[in-house]
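Each value in this text was obtained by applying a stated rule to the coordinates, not by laboratory testing. Treat the numbers as computed from the prediction; the structure is a model and nothing was measured. Using ideal geometry, Cβ is built from the backbone for each residue, glycine included, and neighbour counts are taken over all protein chains shown.
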Amino acid sequence: MDNPNQGNTTSVGTGIVKANTVFGGYLALCIAIVFNLATFFITFISHTAPNWWFVPVFILVSWIGLAAAISYFRQSIYFKKLSLESKHGGLASDIGTVLKFRDAIRTVIFIIFGLAILSVILYFFIRYGHFVSYFEDKLRFSLYSVIYLVGLVVVLLLSFVFRKQGSGAIKKAVRMPFFILQEDGLIIDINYVQLFGKRKGLPFKVFFNEIDELKELSFVETQKYQRYTVGPNVQLGAESVKQQFQYMNGKIARPTVFYYVSSAGRILLIRGPNIFYLMPFSNENIDELFDAYNNFKNKSKKSKRLRIPRPKKK
C-alpha cells in the first residue's frame with residue numbers, strides 16, 4: 001500500500017471551516033429552540049390533535065433535537081483550527097481543501113436563502129397576524145404541557161451532567177478501545193466484541209518514536225478532520241477495513257491503519273510516517289499520555305543536540 005501519510009503540512013482554509021462550524025452550531029441551536037417553542041405551543045392545543053400519538057411524538061423529537069443541538073453547539077464553539085492542521089498532506093488533503101471552500105460558498109448561499117424565507121414569513125405574519133386570534137379560545141394548559149416542561153428540565157440537566165462527567169456509562173456499554181501507557185509507547189487494545197457479547201482482547205504496541213502527530217479531537221472536529229484533512233481518501237478507509245479483518249484473524253502482527261469514529265469516548269489521532277490511528281478510547285485520563293509523549297520527544301531532542309560529531313581523520 002502506498003503510504004497515505006505522505007505530503008506537506010496542510011492548514012489551508014481552516015479559518016473558513018471554523019466559521020462554518022460555529023455558524024452551524026448556532027443554527028442548530030436556534031432551530032431546536034424554535035421547534036421546542038412550537039412544541040410547547042402544541043401542548044396547549046393537544047385536545048385538537050387528530051391522533052393520540054401526534055403530541056407525544058412532537059415532544060419526543062423536540063427533546064432529542066434539543067439535546068443533540070446543545071451537544072453540537074458546545075463542540076462547535078470550542079472548535080480548534082489546529083485540529084485540521086496536519087504534517088501530512090497529499091492529493092486527498094488537496095481535495096479536502098477544495099471541499100472547504102465549496103462548503104463555505106454553500107453556507108453563504110444557505111444564509112441568503114434562509115434570510116429570504118424568514119423575511120417572507122415575517123411579512124405574512126405581520127400582514128395576516130390576525131389569524132392568531134383563532135386559537136384564543138382553544139389554548140389550554142394540559143398534562144402534555146407538564147410532561148414537556150419536566151422532560152425539558154431533565155434534558156438540560158443531563159446535558160450539564162454529561163458535559164461535567166463525560167459519557168462513562170456509554171463507553172462501558174459499547175466496550176470501546178483502551179490504551180495502556182508504557183515508558184516508550186502505548187499498548188492499544190481494540191477490545192473487540194464477538195458474538196453473544198464475548199470480549200476478545202486484541203492488543204498491539206505503538207512506540208513514541210513512530211508518532212509525529214498526537215492530538216485529541218472532539219466528535220465535531222473528527223467529522224471535519226475526516227472530511228477535509230484526510231479528505232476523500234478511499235484507499236485509507238479500504239485499508240483500515242482490510243487490516244482490521246487481517247489482524248482480528250491473526251494474519252498480521254498489528255494494523256498500521258485503524259479508522260473508527262464514535263461520538264462516545266476520548267477520540268485520539270495517532271499519526272506518523274507509517275501509521276494512522278483515529279479512534280475513541282475509554283480511558284478517562286489521557287493527560288498522562290500527552291505528558292509521556294512530550295517528555296519522550298523532549299529527551300529525543302536533547303540527545304540529538306548532545307551528540308558531538310567526531311572529527312574526520314586526515
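Cβ crowding within 10 Å, taken as a proxy for footprinting-reagent exposure, orders E210, E239 from fewest neighbours to most as E210, E239.
Between the amide H of F258 and those of F276, Y277, L278, distances stay under 5 Å, these residues lying 5 or more places away or on another chain, with hydrogens modeled in the peptide plane. Backbone amide hydrogens, once placed in the peptide plane, bring F281 within less than 5 Å of R266, I267, L268, excluding anything fewer than 5 places away on its chain. Here's how it looks for D212: its modeled amide H is under 5 Å from those of R271, G272, which are all 5 or more places away or on a different chain.
Rounded to the nearest whole Hz, the Karplus-based 3J(HN,Hα) values (6.51 cos²θ - 1.76 cosθ + 1.60, θ = phi - 60°) of the range 238-249 follow the sequence 5, 5, 4, 4, 4, 6, 4, 5, 5, 5, 5, 9, with x at glycine and proline. When you count the other C-beta atoms within 10 angstrom of each residue and take the mean per peptide, 255-262, 142-149 line up highest first as 255-262, 142-149.
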